[in-house]
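The values are calculated or read from the model by the stated rules, or taken from the named source; none is laboratory data. Just so we're clear, the structure is a prediction, and the values are computed from it rather than from any experiment. Backbone-built Cβ (ideal geometry, glycine too); neighbour counts: all protein chains shown. For the accessible areas, the whole protein counts, side chains as well, though only heavy atoms, and no ligand, DNA or RNA atoms are used. Shrake-Rupley method; radii C 1.70, N 1.55, O 1.52, S 1.80 Å.
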Amino acid sequence: IPRVQQNEEKVSAFAKANLLRSKLQVYGGFRYNLLLSQFDDIQAGVAVAFSKKWRIRAEYVRDTPSFDGDSIFNIFNVEPYQEARLWYEHRLTRRWHIYARASVRLFGGGDPDAPLEDEQAIVEVDAGGGAGFVYYGKRMNVRADLYWQEGYGGRTLGMYGYYRHRVVRDILSLEGRALVAYWDDDLSVTPKGVTAGLGVGARLALGRYVAMHLLVEDNFGTYTKSDLRVFALLNFVWCKSGKCAAGEVTP
């Protein structure tokens with residue numbers, strides 16, 4: 001067991017393939033925690049484009065939370081879970097995209113007072129959904145998302161917003177994030193409350209395949225006055241296409 005409060009030693013990989021003239025997309029990845037010697041995140045998915053305007057995407061995720069410094073914008077789960085997701089994505093115009101999703105989570109939880117073997121045999125179900133839009137501008141990207149989750153553990157309602165502005169093309173970008181969430185928890189000592197988060201960040205290209213990311217986040221709400229985090233990342237990219245500069249990712 002580590003003796004420090006926060007210690008992240010992880011290796012991750014992700015691959016994506018476009019088939020049938022990009023009408024079929026297959027992707028997947030994993031994250032391995034070297035400190036705990038386990039895979040704490042596994043993801044696989046397939047997307048089928050039925051036209052140039054819309055497509056359906058199905059995903060499978062297995063997550064084992066390790067609670068060691070991920071973003072404050074995540075609503076953490078106490079127990080490992082598996083999740084199946086179904087997405088509908090529609091392209092209204094070249095710049096405006098909308099989407100809707102439904103999900104089902106399966107927890108291996110149960111009565112904490114039950115024997116371990118009995119608790120592991122119990123499967124708890126959690127269902128949810130969400131909807132949102134993305135705008136891709138010449139110099140800015142905007143995303144807004146509403147989500148809902150209910151079942152094992154209680155209910156969560158939330159709203160997330162993201163904004164990125166390219167100040168100097170391919171060199172400097174600024175971004176802002178905001179989240180508001182309400183929870184009604186059946187299992188926690190903090191049964192009800194509201195939490196909010198604000199974040200500002202920047203991306204600076206140091207070369208064609210090298211970028212520096214800086215992110216400052218603060219979280220506050222019913223039970224927390226302030227949780228401040230400063231995060232810096234030096235990003236290297238090895239790319240043969242010539243069109244994937246470091247740090248240029250879709251929000």
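Seen from a random direction on average, the alpha-carbon convex hull of the stretch 181-223 projects onto 4.4 square nanometres. The modelled label-to-label distance for the pair residue 202/residue 98, using points 7 Å beyond Cα in the direction of Cβ, is 3.7 nm.
Could you give the length gained on full extension between residue 79 and residue 209, defined as 0.36 nm per residue of separation minus the Cα-Cα distance, in nm?
Values: separation 130, 0.36 × 130 = 46.80 nm, distance 3.75 nm.
Roughly 43.1 nm would be gained on extension.
Modelled spin labels at residue 13 and residue 165, positioned 7 Å past Cα toward Cβ, are 4.1 nm from each other. Volume per residue for the stretch 143-208 equals 111 cubic angstrom (convex hull of Cα atoms). Model label points for residue 21 and residue 86, set 7 angstrom from Cα along the Cα-to-Cβ axis, are 2.8 nm apart. Legend: distances between Cα atoms for 10/192; 16/52; 23/138; pairs beyond 23 Å are 10/192; 23/138. Per-residue extension of 0.36 nm, minus the Cα-Cα distance of residue 51 and residue 139, leaves a gain of 29.0 nm for this segment. For the set 85, 203, 155, the ranking by accessible area, highest first and with no ligand, DNA or RNA atoms included, is 155, 85, 203 under a 1.4 Å probe. In order along the stretch 37-43, phi translates into HN-Hα couplings of 6, 7, 7, 9, 7, 10, 9 Hz, rounded to whole numbers, per the Karplus curve 6.51 cos²θ - 1.76 cosθ + 1.60 with θ = phi - 60° and x for Gly and Pro.
The figure for residue 233 is an accessible area of roughly 80 square angstrom, using a 1.4 Å probe on the protein chains alone.
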